[in-house]
Structure formats: structure tokens, C-alpha cells
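> The structure follows.
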Amino acid sequence: MKKIATDKAPAAIGPYSQAVVVGNLVYTSGQIALDPATGNLMGECIVCQTEQVMKNLGEVLAAAGSSYEKAIKTTCFLADMADFAAFNEVYGKYFTEKPARSCVAAKALPKGALVEVEVIAEI
């Protein structure tokens with residue numbers, strides 16, 4: 001097992017790794033819309049936050065030697081399911097290969113985030 005860490009994505013805000021590689025798969029931790037430089041939540045709308053989440057995920061995937069195109073499964077958490085359509089618009093720009101996905105409403109996300117996404121991808 002190899003732990004992945006990059007300063008191009010936000011540092012973990014708890015006792016976990018940004019991602020872990022096992023065999024030829026990378027398992028990312030959930031990413032929220034944190035600015036990697038400051039650790040502050042970026043954006044107040046679902047579109048803005050989803051764009052930042054995707055940037056963060058892209059950096060973690062790249063650090064592991066993977067990419068959006070190699071995603072197998074994503075798990076998405078929304079603070080408000082009313083944001084589902086707007087979230088999908090941004091998500092679809094990145095996950096063009098349409099991996100398997102779960103998308104659920106979460107009562108609350110860390111730091112008051114509107115969205116969190118985690119990925120399992122091939123390397």
C-alpha cells in the first residue's frame with residue numbers, strides 16, 4: 001500500500017491520507033472545495049465549490065498516476081439535493097467516461113461544504 005500526498009491539493013484535515021494506492025487502483029479520500037494554499041473553503045455556490053472539488057481531485061489522481069478518464073467509481077455527497085442538476089453539469093465536464101456513481105444527500109459536510117466527492121480509479 002502506498003500513501004499519496006501532494007501539495008497541489010488540500011492537506012488532510014484529519015488522520016487520513018489524500019489517497020491510497022493498492023495494486024493498480026487508487027482510492028481517494030473525499031475532497032471538498034478547499035483552497036490547497038490556504039485551507040479555506042472556496043466559493044459559496046454549488047457550481048463554484050464543485051469546480052474546486054474537481055481541481056483538487058484531479059491533482060490527487062495525477063499524483064497517484066491516474067486521471068478522470070480512468071475513474072471506475074465515484075461517491076458524491078451533496079448538502080442539498082436541490083443542487084443535483086447544477087452539480088451534474090460540472091461533474092459531467094470532468095468524468096466524461098461516465099464511471100459508476102453513487103450520489104447521496106448528507107446532513108452536513110466538513111467546514112460547511114456543499115459537496116464532497118471521492119473516487120476509485122485505475123492507475
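The numbers here are math on the coordinates, done by the rules we state, and not lab data. Because the structure is a prediction, the values reported are computed rather than measured. Neighbour counts run over all protein chains shown; Cβ positions are idealised from the backbone, glycine included.
> Relative to the Cα centre, what is the charge dipole magnitude of the chain, using +1 at the beta carbon of each Lys and Arg, -1 at the beta carbon of each Asp and Glu, and rounding to the nearest 20 debye?
360
> Going by how many other beta carbons lie within 10 Å of each one, how would you line up Ser17, Ser66, Ser29, fewest first?
Fewest-to-most Cβ neighbours within 10 Å comes out as Ser17, Ser29, Ser66.
> Then there's this: Compute the projected area of the convex hull of the Cα atoms of region 1-52, averaged over all viewing directions, and report it in nm² to one decimal place. Spell out each step's value before the answer.
Numbers: hull surface 16.2 nm².
In nm², the orientation-averaged hull projection of region 1-52 is 4.0.
> For region 60-72, in order, what is each residue's ³J(HN,Hα) by Karplus, 6.51 cos²θ - 1.76 cosθ + 1.60 with θ = phi - 60°, in whole Hz (x at glycine and Pro)?
After applying 6.51 cos²θ - 1.76 cosθ + 1.60, I find 5, 4, 4, 4, 8, x, 10, 6, 4, 5, 9, 5, 9 Hz.
> So, in the chain, how many Lys pairs have Cα atoms under 20 Å apart, if the pair is 8 or more places apart or on different chains?
Lysine pairs meeting the criterion: 17.
> If you don't mind, another one. In whole Hz, what ³J(HN,Hα) sequence does region 77-82 give by Karplus (6.51, -1.76, 1.60; θ = phi - 60°), x for Gly and Pro?
Per-residue couplings from phi come out as 10, 10, 6, 9, 5, 5 Hz.
> Among Thr50, Thr38, Thr74, rank each residue by its count of other Cβ atoms within 10 Å, from fewest to most, as a rough exposure measure.
Listed from fewest to most nearby Cβ atoms, that is Thr38, Thr74, Thr50.
> Using the 10 angstrom Cβ neighbour count as an exposure proxy, how do Phe84, Phe95 rank, fewest first?
Fewest-to-most ranking of Phe84, Phe95: Phe84, Phe95.
> Starting from the 7 Å offset along Cα-to-Cβ, what nm value, one decimal, do you get for the label separation of Glu97 and Thr75?
Result: 2.1 nm between the two label points.
> Now a separate question. If I compute Rg and Dmax of the Cα atoms in Å from the structure I just sent, which labelled value in [x] 22.4, 75; [y] 27.2, 87; [z] 13.2, 38 lines up?
[z]
> Let me ask you something else. From the phi of every residue in region 42-54, what ³J(HN,Hα) in whole Hz does the Karplus formula 6.51 cos²θ - 1.76 cosθ + 1.60 yield, where θ is phi - 60° and glycine or proline is x?
Computed from phi, the couplings for region 42-54 are 9, x, 10, 10, 4, 5, 4, 5, 5, 4, 5, 4, 5 Hz.
> Ala19's amide H: which non-local residues (gap 5+, or another chain) put their own amide H closer than 5 Å, with H modeled 1.01 Å from N in plane and none for Pro or chain starts?
Sorted by chain and number, the residues that satisfy this are Ile4, Ser29.
> Considering only DSSP beta bridges whose two residues both sit in the chain, what percent are antiparallel, to the nearest 5? Walk me through the numbers on the way to the answer.
Numbers: 19 of 25 bridges.
In the chain, DSSP labels about 75 percent of beta bridges as antiparallel.
> Lys/Arg Cβ at +1, Asp/Glu Cβ at -1, dipole of region 14-123 taken about the Cα centre: which of Leu78, Asn24, Val60 is farthest positive-ward?
It is Asn24.
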